[in-house]
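Structure first, then comments.
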4 protein chains.
Amino acid sequence: MNDATNDHPMHHGAPAHALERLVFFSDAVFAISITLLVIELKVPALPRSASDVEFLQALANLTPHFVGFLVSFFVIGAFWSGHHRAFDCARHWSPKLLMPNLFLLCSVAGMPFFTALVSEYYGKLVPSAAYCLWLFFVAICNLWNNMKAVSPPVAADDLDPEYAALIRRRGWAVILGTLTALAFCFVNPWLAQPALISMPLWRRLLEYLHRRGTLKTV
Amino acid sequence: MNDATNDHPMHHGAPAHALERLVFFSDAVFAISITLLVIELKVPALPRSASDVEFLQALANLTPHFVGFLVSFFVIGAFWSGHHRAFDCARHWSPKLLMPNLFLLCSVAGMPFFTALVSEYYGKLVPSAAYCLWLFFVAICNLWNNMKAVSPPVAADDLDPEYAALIRRRGWAVILGTLTALAFCFVNPWLAQPALISMPLWRRLLEYLHRRGTLKTV
Amino acid sequence: MNDATNDHPMHHGAPAHALERLVFFSDAVFAISITLLVIELKVPALPRSASDVEFLQALANLTPHFVGFLVSFFVIGAFWSGHHRAFDCARHWSPKLLMPNLFLLCSVAGMPFFTALVSEYYGKLVPSAAYCLWLFFVAICNLWNNMKAVSPPVAADDLDPEYAALIRRRGWAVILGTLTALAFCFVNPWLAQPALISMPLWRRLLEYLHRRGTLKTV
Amino acid sequence: MNDATNDHPMHHGAPAHALERLVFFSDAVFAISITLLVIELKVPALPRSASDVEFLQALANLTPHFVGFLVSFFVIGAFWSGHHRAFDCARHWSPKLLMPNLFLLCSVAGMPFFTALVSEYYGKLVPSAAYCLWLFFVAICNLWNNMKAVSPPVAADDLDPEYAALIRRRGWAVILGTLTALAFCFVNPWLAQPALISMPLWRRLLEYLHRRGTLKTV
């Protein structure tokens, strides 16, 4: 079978390959969701006679919204990079991709709401925990979808199994990172977003365990 | 004539094939519409001093908006999948595609409004019926457009007529599903959105009738 | 020189051809602008205890916003079709395309605002005239941009001059249609949007005059 | 090594080349950000009984928002053109592109907020300075990202070093232009946006110095 074509013979030569349309549609949803984050940054309401200091103060009050915007921007950007990395290995269309991919996009599309929630009530337990729980949901969908992309029948026939395993480990590291953020949240809600930085640490730990042979099954 | 080219000889080799641009434009409108659904999820207004229980209560009050977001996300996702499936069979550009496709996109673009309406007044007759009626309109446009995609002069010359008939039956199942939701709406508006789950049941019924030979004409 | 490549030799084989990126970027702006129209459809505010009749009345009050949404949707759709038709004839990248295309996209991006303005104050002179004037601006940019696409150095070398002239005449018909709407606006603002239907009439008139040989210069 | 493929051999023939997906994703974010600018143009609130003069006055009061919309539209358009120009020279995917490109997109995605801020408080020091500072940040990311695109290992192997230097000088001219706007801002905030017109002047100055041999290192 040729690479990058549909399995169904009558689809051969379709103007937009089924797989490319899926990737394209996903890119568009990621791009819209990441750009919609800015909508939650509201211009502060001040009288035109306000002094420079008052303007600076009003902008300073937006700090949690700015931090929320930046954190969610790079979090969605990281999920997009992961989708990019996994689907680089995909060659064959399969209807089995539809559901995990729609679930991932749905979870990503919900990010602007949870970002606005955590920014509006920075440092409060319930909003922070809701944000981390939703990120955990995104991470689950991410692992599910990326595993489909690097497994038969979707993956390239000559895909290095070692590379597929690497992508799965990356997916697990993201899940562990969101769980860490959720746990820190109950210690102190202010630590929830900073704790997302643990993701690369988990990735290195999993790589270390893998090299030592402890992670045979993942 | 070659596949995937314009019929007009001077268009041969256009940098963006007419058909691909239509598919691309449609994907973009689907993606934007599906992602804009989140805009209707508004962060609840609470004093910063609110307790955890009050925050949980405020989030719980958003349940109808969440359900509306999820239902409409997967409904638009299903229409996108149908568009994907039908246009996989298309090979030739025809100006006859423009109108049905614009009508479909217009109906899809209106979904965020009707989703917000039904979520804001969950369980009320008129909003629920308006939502179902609009979905019925989307389903009509969907059948019209997908039938154009799998019929001459647009369809691939070697398209299996059986596959084209399958796509038409799927379009009819979606229409019957939206009519079912509309009917349930008058029984109890709370049942309108759950009744959309009847779509796959209608599809199986039509497949069954087709195999028994009862549906010769569809 | 090959079709669909950059004129600059070092660009040959670029992963995203300059012309395709321009077309793609334009499609995305058209798609976003056409889908953002729905944001102006606001869910009416009613008490949950409102009766069915009150809900129907509230929806009926949205009629101007619905009409505005539909008219602008098909107007932007028509401009997108025109862009599609003209750029089907384009083969060579030229930096001369950048400015007319950005102006067209800027004018299209402004449509949601003017649509909201005319819908909010339906039947009032100034909002209707502002809408028609902005459409006139879109139509000017449209003609400017499409003429660049079907002229050297952008157009395909073998482009039928007759087809290029047809596209120019279509651009003029759109301009005449928006001027007609603007004129009707001063007679009665309610007639402004319906008067846009004159566009196909102008197109037929120009075609008729062209065939009779009266329009040698256009 | 072939042009336009991934460096990793197993990626050869991926349905969406890694580099194309990056370019595509960037185009989408640029397009969404540029189109979202219109959301800050709010329809003025007037009684329906308002006179034509009052309507004209209300529209006239929107002038700063209109100017802000237009300036930011063409500023983002210019950054998009620069991205287009630089990535026309790119042929090889490198993970080193991810971070500078995400930073550029993040800065571009923030533009609608700063545009709304400067438009709402036109002529005030802090909002104008914040706008110019953010533009300076965009310009830094722009230079960083475009330098990656025209340098090894990303650039085409046969890329004219002179052309790569030209793109770097353009990036520097944009930075100098935003610094000029920032400086004018402290003289008179009204001059901040008009001072952006200095960008082409800086470009010509850098070209002049380059031809005279003064700018050996850039």
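Figures for the structure shown
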| read-out | value |
| --- | --- |
| Filter result for C:ALA130 (open to solvent by less than 70 Å² (accessible area, probe 1.4 Å), among the small types (Gly, Ala, Ser) and within 20 Å of the chain's Cα centre (by Cα)) | yes |
| Residues of the range C:33-74 classified as open to solvent by less than 20 Å² (accessible area, probe 1.4 Å), of a type in the set (Val, Ile, Thr) and in contact (Cβ under 8 Å) with a residue 12 or more places away in the chain, total | 2 |
| Positions within the range B:52-67 being among the charged types (D, E, K, R) and in contact with a helix residue (DSSP H, G or I) (Cβ under 8 Å, 6 or more places away or on another chain), in sequence order | B:ASP52 |
| Complete set of residues in the range D:113-127 that are buried (at least 21 other Cβ atoms within 10 Å of the Cβ) and of a type in the set (Gly, Ala, Ser) | D:ALA116, D:SER119 |
| The range A:78-98, residues that are touching a Ser or Thr at 6+ places or on another chain (Cβ under 9 Å) and without any contact (Cβ under 8 Å) to a residue 24 or more places away in the chain | A:PRO95 |
| Enumeration of residues in the range C:168-194 that are at pLDDT below 90, in contact with a Cys (Cβ under 8 Å, 6 or more places away or on another chain) and part of a helix (DSSP H, G or I) | C:LEU191 |
| Cβ-Cβ under 9 Å pairs, at least 6 apart or on other chains, the range D:99-128 side basic (Lys, Arg), far side buried (at least 24 other Cβ atoms within 10 Å of the Cβ) | D:LYS124/D:VAL118 |
| Options C:ALA149, C:ALA156, C:ALA139; residue that is open to solvent by less than 20 Å² (accessible area, probe 1.4 Å) and out of contact with any helix residue (DSSP H, G or I) (no Cβ under 6 Å at 6 or more places or on another chain) | C:ALA156 |
| Filtered residues of the range C:129-169 (kept if within 9 Å of another protein chain (Cβ to nearest Cβ), free of Cβ contacts under 8 Å to residues at least 60 places away in the same chain and not hydrophobic (A, V, I, L, M, F, W, C)) | C:ASP158, C:ASP160 |
| Sole residue being of a type in the set (A, V, I, L, M, F, W, C), facing another protein chain (nearest Cβ under 7 Å), in contact with a Pro (Cβ under 6 Å, 6 or more places away or on another chain) and under 23 Å from C:PHE137 (Cα atoms), chosen from D:LEU59, D:LEU36 | D:LEU36 |
| Residue within the range C:172-186 that is open to solvent by 10 Å² or more (accessible area, probe 1.4 Å) and farther than 30 Å from D:VAL43 by Cβ present | yes |
| Residues satisfying the stated conditions in the range D:195-216, i.e. outside any helix (DSSP H, G or I) and open to solvent by 50 Å² or more (accessible area, probe 1.4 Å) | D:ARG212, D:THR214, D:LYS216 |
| Single match in C:PHE79, C:PHE30 (criterion: more than 9 Å from every other protein chain (Cβ to nearest Cβ) and either farther than 22 Å from D:LEU37 by Cβ or surrounded by 22 or more Cβ atoms within 10 Å (Cβ to Cβ) (or both)) | C:PHE79 |
| Flag if C:GLU162 is surrounded by fewer than 21 Cβ atoms within 10 Å (Cβ to Cβ) and within 26 Å of D:SER49 (Cα to Cα) | no |
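Okay, residues lined up against (1) modelled with pLDDT under 95; (2) in contact with a Pro (Cβ under 7 Å, 6 or more places away or on another chain); (3) small (Gly, Ala, Ser):
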residue: C:PHE25; (1), (2), (3): yes, no, no
residue: C:ALA28; (1), (2), (3): yes, no, yes
residue: C:GLU40; (1), (2), (3): yes, yes, no
residue: C:SER49; (1), (2), (3): yes, no, yes
residue: C:PRO64; (1), (2), (3): yes, no, no
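The values are calculated or read from the model by the stated rules, or taken from the named source; none is laboratory data. None of these values were measured; they are calculated from a predicted model. Because the Cβ atoms are built from the backbone with ideal geometry, glycine has one as well, and the counts that use them run over all protein chains shown. In case anyone asks, the SASA skips ligands and DNA or RNA and just uses the protein heavy atoms, side chains included. Shrake-Rupley method; radii C 1.70, N 1.55, O 1.52, S 1.80 Å.
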